[in-house]
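Below: one structure, written as structure tokens.
Only the coordinates and a few stated rules stand behind these numbers; no lab work does. As the structure is a prediction and not an experimental result, all values here were calculated from the model. Glycine gets a Cβ as well: all are built from the backbone with ideal geometry, and neighbour counts include every protein chain shown.
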Amino acid sequence: MKNIFLLIIILIPLNISAQLVSLDYGVKAGINFNSQLNITANIESISNKINIFESRNGQHIGVFLKLSVQKFFLRPELNYTQIKNRYDIPYVLVRTENIVTDFKQNKLDIPLMFGYKIFKNLNIFTGPRFEFIKNVDYKDINIEDLKNDYRVGLQFGIGLKFSRFEIDFRAERGFEKNEINYMKESIGTKNQYITSTGKLYLLSLSFYL
């Protein structure tokens, strides 16, 4: 009887902890997009900085873990992302055939989200996003000369969960400039530097395994 009583005392807090803490995992996929965001370009063949419009669209696929403690949770993710970048530069300012105006980025994104469950199915979250650029493709040319192949950004958003599915919408902001040092045909010593802190929106669907 004494041993049974001691076992009950031990199991009660373990049962309470199991109810308060949960670990989930799953897969996710989605799209990345923005439209007509005004940014600053530094192109050395142009004497002054110009404002141009940027389009960045793509998709991502990945996996995630979700550690929940009551209404709070921590959600690390690993995503493979491909982004198609396009810069709309006015032709009257420079011969755009000499300049890289569209290219693809293949990268690994590691968001680390801290969240809070507002209601049973609704949550909000924010956290850092670590980005590792694998390569950049311009037509048949592999552009290696990037300022940084590692960057840090911020993501924040809202999620809605139904059964094993969860849909979330995020905004992403980069902390560092994306600088491309490449020109198809250099003009003397001139080269191309397009800088952007990066703004993206992400729409994702997660499935809990």
(message) Please list, in order along the range 114-127, the HN-Hα scalar couplings obtained from phi with the Karplus expression 6.51 cos²θ - 1.76 cosθ + 1.60 (θ = phi - 60°), rounded to whole Hz, x for Gly and Pro.
(response) 10, x, 9, 7, 6, 10, 4, 10, 10, 9, 10, 7, 7, x
(message) How would Asp88, Asp109, Asp24 line up from fewest to most surrounding beta-carbon atoms within 10 angstrom?
(response) Asp88, Asp24, Asp109
(message) As a footprinting exposure proxy, order Lys28, Lys161 by other Cβ within 10 Å, with the fewest listed first.
(response) Lys161, Lys28
(request) For Gln70 and Val152, compute 0.36 nm times the residue count separating them, minus their Cα-Cα distance, and round to one decimal in nm. (result) 26.6 nm
(request) Determine, for Ser68, Ser22, the number of other Cβ atoms within 10 Å of each Cβ, and report the residues in order from fewest to most. (result) Ser22, Ser68
